[in-house]
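Structure, as structure tokens:
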Amino acid sequence: MHFPRNMVRGSLRGGRPMRGGIRPPFKKTFVPRHPFDLTLAEVFFPKVAPALDDSALTAALLKRNQDLSPTASEQTAIGNLVTKVQAVLDNLVVAPGDFNTCQLEEVRQVGSFKKGTILTGNNVADIVVILKTLPTKEAVEALSKKVEADLKTSMKTEVLTKGDQHTIQTHLRGFDVSTVQAKVRIMIATLPQNLRKLEADIHMDHKLMQNHLAAIRHTRWFEENAHHSSIKVLIRILKDLTKRFEAFSPLSAWMLDLIAHLAIMNNPSRQALPINLAFRRVFQLLSAGLFLPGSAGITDPTEPGHIRVHTAMTLEQQDLCCYTAQTLLRVLTHGGYKHILGMEGNTSIVREMSVWNGVCVSPLTAVYEKPTDKKEGDLEEDIEMIENENEEEGSEDGAE
């Protein structure tokens, strides 16, 4: 059979082209989903039974927070050291004198001590020093020696015990000023316009510089949005969970800040939820897939574009975090909160079968299996790859 030359694929009868021309090839588009959140959907799922008496859980959470909070002596020791180091660094900003190895632009406190979420036994405060000049390794070494000399000069009139003696130790991020009781970690950064000028052999690591600048943005956001005392209590408890349950260890301090803020403040009333409800909600959200591939997750409020914080975790870590939270949520539902908080028992409840008030809770297992037919480093043709591509495009569009 002979076809006229003008009848090509995509044409209508009579040779007229289709409206709009030939369609472009189909491209996969990542559409994030929001996990089910009972707190936000409560209006559609009205309760049919009276609320349970959760006073025991509330009391246990407050008791655990008290146990995890630093003692008065720890607070005093770290506070005194921070004050002394901050004074020395501030003086180098306004009156450097004959110190010209590097120029300081700004000194900012960051991290858990500044936010008020520090744990007992971890007496470390973080300070970011932003340099006007390029952060060479020699300049950081010289700055550490200058700080050490100025500290000794400022404390000449004080009677020092062995516990008050300072030691300085340099590392990849900067240097530490330590006593027996506390430590101040000095993290070096530079002006954003200097980042593109950094050379690996001469200067501090480019990625670490970006992380230190991000720490300043995180602390500023926290002070403006997450200053409620309940948020700090929940963060301290979640930090303890990440230390005791291996599945939660990939959750960074910034992720914990954001999920605690979400659990307490993101609700229809816009009022802070009670700590017991917020604690349950964290496990409900993680169990529903808040930090799984394809989830809308939590967008980093300090970064341009739509960067979701949980994409820093591997797929195995996301799966492990989810099914561990599901197991612990079942334990929590049947009254096993003391084991979760570490007040009784141990963490074997996520690996072994346990019984709570006659209910047997079997630990869940992994769902995600890493492909074995692909070489290490190969991209995977799954939704996470499409997701990351879209995020990179969004981040470029949002960059200044």
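For segment 307-313, backbone phi angles converted through the Karplus equation (6.51, -1.76, 1.60; θ = phi - 60°) give residue-by-residue couplings of 8, 8, 5, 6, 6, 6, 8 Hz, Gly and Pro being listed as x. Less than 5 angstrom separates the built amide H of Glu105 from those of Ile130, Leu131, Lys132, all sequence-distant by 5 or more or on a different chain.
Sorting the segments 308-315, 68-75 by their mean number of nearby beta carbons within 10 angstrom, highest to lowest, gives 308-315, 68-75.
In this structure Asp300 has an accessible area near 20 Å², from a 1.4 Å probe over the protein heavy atoms. A simple rule links phi to the HN-Hα coupling: the Karplus curve 6.51 cos²θ - 1.76 cosθ + 1.60 with θ = phi - 60°, which for segment 275-287 gives 4, 5, 5, 5, 4, 4, 5, 4, 5, 5, 5, 5, 5 Hz, with x for Gly and Pro. Once backbone amide H atoms are built at 1.01 Å from N, His306 has Ser395 as its partners under 5 Å, excluding neighbours fewer than 5 places away on the same chain.
By definition, a body whose alpha carbon gyration tensor gives a ≥ b ≥ c is oblate when a/c is 1.5 or more and a/b is not larger than b/c, and segment 288-378 fits this oblate description. Scalar couplings 3J(HN,Hα) for segment 131-138, obtained by applying the Karplus form with A = 6.51, B = -1.76, C = 1.60 to θ = phi - 60°, are 8, 6, 8, 5, x, 6, 5, 5 Hz; x denotes Gly and Pro. From the alpha carbon centroid of segment 320-361 to that of segment 57-71 is 19 Å. Of the listed residues Lys146, Lys114, Lys152, the order by accessible area with a 1.4 Å probe, largest first, is Lys152, Lys114, Lys146.
Taking a Cβ cut-off of under 15 Å around Gly121, the surrounding Lys, Arg, Asp and Glu residues balance to a net charge of +3, with basic ones at +1 and acidic ones at -1. For the chain, the fraction of 1.4 Å probe accessible surface lying on carbon and sulfur atoms is 54 percent. Looking at the chain, the accessible area is 57 square angstrom per residue; that uses a 1.4 Å probe and ignores ligands, DNA and RNA. Taking each DSSP H run with n ≥ 4 as -39500 (n - 2.57) and averaging over every residue of the chain yields -13000 deg cm²/dmol at 222 nm. Annotation for segment 185-231 versus segment 100-167: alpha-carbon center distance of 16 Å. Close amide-amide hydrogen proximity is noted between Trp356 and Val361, each under 5 Å apart and 5 or more residues distant or on a separate chain (H modeled in the peptide plane; Pro and chain starts excluded).
Largest first, the residues Phe175, Phe44 sort by 1.4 Å accessible area into Phe44, Phe175. Maximal additional length on extending the Thr157-Glu105 stretch stands at 15.8 nm, based on 0.36 nm per residue less the C-alpha distance.
The values are calculated or read from the model by the stated rules, or taken from the named source; none is laboratory data. Just so we're clear, the structure is a prediction, and the values are computed from it rather than from any experiment. So basically every Cβ, Gly included, is an ideal-geometry build from the backbone, and we count neighbours across all protein chains shown. Just the protein is used for accessible areas: all its heavy atoms, side chains included, with ligands, DNA and RNA removed. Shrake-Rupley method; radii C 1.70, N 1.55, O 1.52, S 1.80 Å.
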